[in-house]
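These notes are about the structure you will find just below.
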Amino acid sequence: MTEWRNGIWPNAMALLVVLTSSLLVACMGSSSTTLDDQGASVSSFDWGLPDGIPLPVEPDGNPMTEAKFQLGRYLFYDTRLSANGDIACASCHHQEKAFTDGRQFPTGTWGDTHPRNAMSLGNTAWFATFNWARPDVTTLEEQIRGPLFNSSPIPEHGLTSSNLDGVLASIRTDSTYQALLVAAFPEAATDTEWDFDDHLIPALASFVRGLTSFDSDFDHYLQGDSSALSAAAKRGLALFASERLECTHCHLDNFTLTDNHMNRSWTYPTSNFHNTGAVYRFDEPNRGVYEVTGNSSHLGQFRTMSLRNIALTAPYSHDGSHATLEDILDTYSQGGKQGDYQVDGDLSPGFTLTSDEKADVLAFLCSLTDLTFISNPRYGNPWPDADGNPIGVASNAEADPAVNPQCQLSNP
């Protein structure tokens, strides 16, 4: 069995030992010791997490409730939350694509093209930051305000003081929303008090925070099913976690697969941004954290994306310039693209892979696809279509790694 560096990547046998020990302790008589864990194991929301996944942080000002989650789901799919009534959050975050949109760049309500690729939304409750290059955006509530109200880099939803009253009126007078808002925020005295800051944004954040993805083959393997991964995926996992490829320097822990994460058991969240040499040049407005700080050492530093469901979220990188996972592997095997910048430390050391080894790494990355996540009606569009029929969840043929081009070598 492989022993993962720094204990970050426990093997299935070690995990089984931990789980078995926990069960034995739970069954040994009635005596117990009570530990005040400051709410680390308490939530009124049913997160539905498998064993071994710690609860995420819930903001004090916006604790999770099922009523807010459901209100947020309706809002997430509603195009009325845009200047022209044509853009919803779901316009750039499609469930069947792990809540990405399959395009290099999304467009806003006025037809402007955004300079950055749409992010996947799975397991955001465990993220410490939420923007490609904004270390100061540390809550989903802050992040969600951006697409709704920002005009830079583009107006996405295009909400402004000139159209906000009309948008709110359409929500406040909708009977579906009236019932949902009363359930989620019973303390509001009248419907005229329902607004974005206190109600709509907290509900949207609750829905996005509740999008969990822990049912991939990789998860089943970690939970003790040694047959959940193919032999190729197991070899790919060993390569992924090796010092040779250095992947786990950024894709650090085994439940978020990023180094931008937090949970209730950690005193300090981990929030890292890196220049890994993904592109040759970093031109405005895609210069990374430098855009915020003006510090030249931050040029080209972007947030580490989670690798969960990565086979469904092409194209890749902050600017969507990598069409395939194989392209990403080739770029990092060269030590990053050698442009006019300094790659961060040993994050892109360069390496050599045989065709068989590259296929093994792709097999591991494709084992991170969670079929439940992309088909769960709980996360789907709750609105009926024009004929009053349920819209349902779209299918995605590329959920099958046997036909997904991301899971195949271009020249085997």
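The values are calculated or read from the model by the stated rules, or taken from the named source; none is laboratory data. Please read these numbers as outputs of a predicted model, since none were measured by experiment. Virtual Cβ from ideal backbone geometry, glycine too; neighbours counted across all protein chains shown. These area figures cover heavy atoms from the full protein model, side chains too; ligands, DNA and RNA do not enter into them. Shrake-Rupley method; radii C 1.70, N 1.55, O 1.52, S 1.80 Å.
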With the crude spin-label approximation of a point 7 Å out along Cα→Cβ, what separation in nm comes out for Thr190 versus Asp60?
3.2 nm
Any idea how far apart Thr79 and Ser43 come out in nm if each label point goes 7 Å out from Cα toward Cβ?
3.3 nm
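For segment 102-230, what class follows from the C-alpha gyration tensor (a ≥ b ≥ c being the square roots of its eigenvalues): rounded when a/c is under 1.5, otherwise prolate if a/b is larger than b/c, else oblate?
Cα axes put segment 102-230 in the oblate bin.
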How do the peptides 394-403, 147-156 rank, highest first, by the average count of neighbouring beta carbon atoms within 10 Å per residue?
147-156, 394-403
Segments 89-100, 326-337 sorted - mean Cβ within 10 Å per residue, highest first:
89-100, 326-337
Relative contact order in percent for the chain (Cα pairs under 8 Å, 6+ apart) equals 20 percent
Would you mind computing, in nm to one decimal, how far apart the modelled labels at Asp330 and Thr293 are, each placed 7 Å from Cα along Cα→Cβ?
3.3 nm
Considering only protein heavy atoms and a 1.4 Å probe, what is the carbon-and-sulfur percentage of the accessible area of the chain?
52 percent
Report, by chain and number, residues whose modeled amide H sits under 5 Å from the one on Thr100, excluding near sequence neighbours (fewer than 5 apart, same chain).
His94
Straight-line reach check, Lys337, cutoff 29 Å on alpha carbons, 8 or more apart in-chain or any other chain, hits among lysines -> Lys97, Lys234, Lys358
At a Förster distance of 22 Å, what's the computed FRET efficiency of Thr173 paired with Ser151, Cβ-Cβ distance as r, to 0.05?
0.20
Tell me whether segment 258-331 comes out rounded, prolate or oblate; compute the Cα gyration tensor, take square roots of the eigenvalues as a ≥ b ≥ c, and use a/c under 1.5 as the rounded threshold.
oblate
The chain, helix-only ellipticity at 222 nm - DSSP H runs n ≥ 4, -39,500 (n - 2.57), divided by all residues, nearest 500:
-7500 deg cm²/dmol
Quick check: convex hull over the Cα atoms of segment 208-290, volume per residue in Å³, rounded to an integer?
158 Å³
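Is segment 278-412 best put as rounded, prolate or oblate by its Cα gyration tensor, with a ≥ b ≥ c the root eigenvalues, rounded for a/c under 1.5, and otherwise prolate when a/b is larger than b/c, oblate when not?
oblate
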What share of Cα pairs, in percent, lie more than 13 angstrom apart in segment 229-269?
60 percent
Whole-Hz ³J(HN,Hα) from phi, Karplus 6.51 cos²θ - 1.76 cosθ + 1.60, for segment 71-76, glycine and proline x:
4, x, 5, 5, 5, 4
What order, most packed first, do the peptides 134-141, 246-253 have when packing is the mean number of other Cβ atoms within 10 Å of each residue?
246-253, 134-141
